[in-house]
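Every number in this text was worked out from the coordinates using simple rules, so none of it is lab data. As the structure is a prediction and not an experimental result, all values here were calculated from the model. So basically every Cβ, Gly included, is an ideal-geometry build from the backbone, and we count neighbours across all protein chains shown.
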Amino acid sequence: MVKKQDTFLNLRTELLLEGMAKADKKAVEKMIQKALVSHQPKQKKEIQKIIKDELKSPATRKTIKELIESQLETEMDSKDNKKRIADITKLVLRKLYRELSYNYTPVIDRIKI
């Protein structure tokens, strides 16, 4: 019985492939593309809903928090980032000092970090 079904399925497939002209194949491809494009926004909304639901779970939040903390820890330990933070801090202090003492910045420039 299984062999009969397989042979009938193969026969149907072969007949469909033989019966389709190039124009028919293109028309079918266009219909599939249109169906996919019209279905895409629905899929996007479903995926967004799934992601939002997953983000609400405490386990996911904990995992995200751990990942962010580990990434920040490695990034903050680099000398380049420490230098950037020090430069930005110096700029902020200079501007504050200018506001406080009217253009006397050499004191802040001499600070070593």
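If you take all other residues with their beta carbon under 13 Å from the beta carbon of L36, and give Lys and Arg +1 and Asp and Glu -1, the sum is +3. Under the simplified labelling scheme, the L9-Q71 pair shows an inter-label distance of 4.5 nm, with each label point 7 Å from Cα along Cα→Cβ. Computed from backbone phi with θ = phi - 60° and the Karplus coefficients 6.51, -1.76 and 1.60, the 3J(HN,Hα) list for the stretch 66-73 is 5, 4, 5, 4, 5, 5, 5, 4 Hz; x is used for glycine and proline.
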